[in-house]
Amino acid sequence: MVGVGACAISGSPFGDSSALERSFLDRFRPTLYVLGCPPHPLTFVCGVLDLLGIKS
């Protein structure tokens with residue numbers, strides 16, 4: 001699983017909202033976090049390449 005963007009990773013401004021259900025993150029840990037809001041496309045590509053073990 002890949003967490004992309006600040007909202008997916010931390011919940012951003014809605015992190016403490018009761019309307020947001022994030023309990024699945026306790027069961028399924030992301031293998032890759034791509035930071036940014038929104039993340040730059042090259043940041044995503046570099047993250048996937050790092051995950052695959054390919055030098056970027």
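Each value in this text was obtained by applying a stated rule to the coordinates, not by laboratory testing. Everything quoted here is computed from the prediction, not taken from an experiment.
Here is how the numbers come out for the structure above:
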quantity	calculated
With Cα atoms, 0 to 90° folded angle of helix 41-52 axis to the chain main axis	80 degrees
Residues whose placed amide H lies under 5 Å from that of Gly36, excluding near-sequence neighbours	Gly5, Ala6
Translational D in µm²/s for the stretch 2-52 (Stokes-Einstein at 37 °C, 0.692 mPa s, Kirkwood Rh from C-alpha pairs)	280 µm²/s
Whole-number percent relative contact order across the chain, with pairs defined as alpha carbons under 8 Å at least 6 apart	42 percent
